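A quick write-up on the structure given underneath.
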Amino acid sequence: MIIHYPGYYKKFRCLAGECPDTCCIGWEITVDRETEKTYQKLRKGKSELAERLRRSVRRRLIIPDGDRCPFLAGDGLCDLCREYGEAAMTRTCRRYPRHVEDFGDIHEVELLCSCPEAARLILSEDFRLITRNMSERKGNTDGIDEERLALWFSVREQVFAMAGDRRMPLWARMRRILAFCHDVQGRLKREDTAGVEALVERAKETACRRNGADPVPDLIDGDKTGDHLQTKEERMTERNVPGRLKEADHREKDWKKTNDVYTPGKADMHNLEERFSLMADFFAEFASLSPIGHGFPELLERSRTFLYHSEDSRSLYEKRQQEFHRNVPEAEICTERLLFYFLYSFVMPGFYDGDLYTKAKMAVFGAVAAEELEMAEYFRDPGKYGKRTGDGRGNDAESVTSLENDEMVTERSAKERISALPHTAYLFARQIENSAENRDLLEQLLKQPEFGIRRIIETKSWF
């Protein structure tokens, strides 16, 4: 058996009573069969805790007391664990925030970002996927199409490569990921394995051109000039070149390369006006999900109001983006790390329902949405991040000069500023990770035409 896990996985230690939040509020816990047998013995006792077990565990569910677990003590610890030990906790409670996805002989392990300490680890270092070969163990491969699974892993490997190409702006990487997954999805539906493999190879060739290695004829724009004569096989491959990825490549054709960094050309400048509209629409729909835990409904409402519905919010959006990213330069790298996390969390489970593209959209929109919420929090509580330039309306604070002043200082170190970012990330992640209903609703939401690939590609670069 092969085990995949992120580099930060083994660093996790539960904060228990020191945790700034609790994982024992807001969800209904299923009791596994092994723990159910333990509870059947414990509930025969005469203690107050045995009475709580009889009253609160029904049909293999722990019934919340309001929105709290009935075994959650005032100090944030579990009464069952304290009285009877870890064996009295359900499998979910023992493992959380650890989560395993089973792909037969390949298991993928992760820490769920809905845990505050897991969110801190996720945002504190770049994503690294570690592979451990446990030859003495075998997984259950019944019903697993291993060739198809290998194809999915090759697609995700290419998605990771796109996400990590820091020579390009993060928004451009996100656009390429969505364009690539959109085009792969069409071929997956047609069971066109050769077509998927061609898309992966074409994406690799594009990366080689950027590296200046292994040059290949650039036929993406249909430019067939020169001495190169296409074979029948090459013409067939060209017809498999991605439609939407082809558009993304076309937009990047006039980008300039300086010191191994690519700068958008005039035809593809970053357009924050379009991001404003799209994310306003996204959060309007996201607000319809059932809130999980405390704090998020208030965060969402004040962020939506400030960013999209306050006076002059549309005209001020770009200035606020500039100020936020200038004063919290770590925000973009944290968004990239969150993007990797969501890609790792969402993409491969799509193997079972065949929906790669929607899973990729959940990853991209999730990362961008968390950054938007963090930007709103920056203007509400700048003390978490150190001194800021102004009031979010383009007006500078008295002690700081204009946005163009590269000497603007913050009063906290990069490490301290990063420590302020996980709070918003885990509150957002909790809404989709701790509720299967919310996760399903979000998938349906992102399938609507207003969040489709046409809007993403044709409205230039909205991330």
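Things to note:
- When Asp183, Asp145, Asp165 are screened for being charged (D, E, K, R), touching a Gly at 6+ places or on another chain (Cβ under 7 Å), over 30 Å from Gly293 (Cα atoms) and surrounded by 12 or more Cβ atoms within 10 Å (Cβ to Cβ), only Asp183 passes.
- Summed over the stretch 1-34, residues that are in contact (Cβ under 8 Å) with a residue 40 or more places away in the chain and within 25 Å of Asp102 (Cα to Cα) total 20.
- Total residues in the stretch 24-39, condition surrounded by 15 or more Cβ atoms within 10 Å (Cβ to Cβ) and either in contact with a Leu (Cβ under 9 Å, 6 or more places away or on another chain) or basic (Lys, Arg) (or both): 5
- Test for Arg175: is it more than 17 Å from Phe351 (Cβ to Cβ) and assigned to a loop (DSSP other than H, G, I, E, B): no
Results for (1) touching a Gly at 6+ places or on another chain (Cβ under 7 Å); (2) surrounded by fewer than 14 Cβ atoms within 10 Å (Cβ to Cβ); (3) farther than 29 Å from Val347 by Cβ; (4) polar (S, T, N, Q), shown as yes or no for each residue.
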{"residue": "Phe12", "(1), (2), (3), (4)": "no, no, no, no"}
{"residue": "Lys41", "(1), (2), (3), (4)": "no, yes, yes, no"}
{"residue": "Lys44", "(1), (2), (3), (4)": "no, yes, yes, no"}
{"residue": "Ser47", "(1), (2), (3), (4)": "no, yes, yes, yes"}
{"residue": "Arg60", "(1), (2), (3), (4)": "no, no, yes, no"}
{"residue": "Leu72", "(1), (2), (3), (4)": "no, no, yes, no"}
{"residue": "Gly85", "(1), (2), (3), (4)": "no, yes, yes, no"}
{"residue": "Arg95", "(1), (2), (3), (4)": "no, yes, no, no"}
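- Within the stretch 116-148, the only residue that satisfies the criterion of being more than 30 Å from Cys334 (Cα to Cα), in contact (Cβ under 8 Å) with a residue 60 or more places away in the chain and either in a helix (DSSP H, G or I) or among the acidic types (Asp, Glu) (or both) is Arg148.
- If the condition is being more than 19 Å from Arg173 (Cβ to Cβ), at pLDDT below 90 and either of a type in the set (Ser, Thr, Tyr) or assigned to a helix (DSSP H, G or I) (or both), then the stretch 444-458 contributes Pro449, Glu450, Arg454.
- Ser461 farther than 30 Å from Pro297 by Cβ, of a type in the set (S, T, N, Q), at pLDDT below 50 and crowded, with 20+ Cβ neighbours inside 10 Å: yes
- Flag: Thr35 matches the condition of being touching a Ser or Thr at 6+ places or on another chain (Cβ under 6 Å) and polar (S, T, N, Q).
- Residues being under 28 Å from Pro291 (Cβ atoms) and surrounded by 19 or more Cβ atoms within 10 Å (Cβ to Cβ) - total across the stretch 99-138: 14
The values are calculated or read from the model by the stated rules, or taken from the named source; none is laboratory data. Every value quoted in this text rests on a predicted model; they were computed, and no experiment measured them. Reconstructed Cβ throughout: ideal geometry from the backbone, glycine too, with neighbour counts over all protein chains shown.
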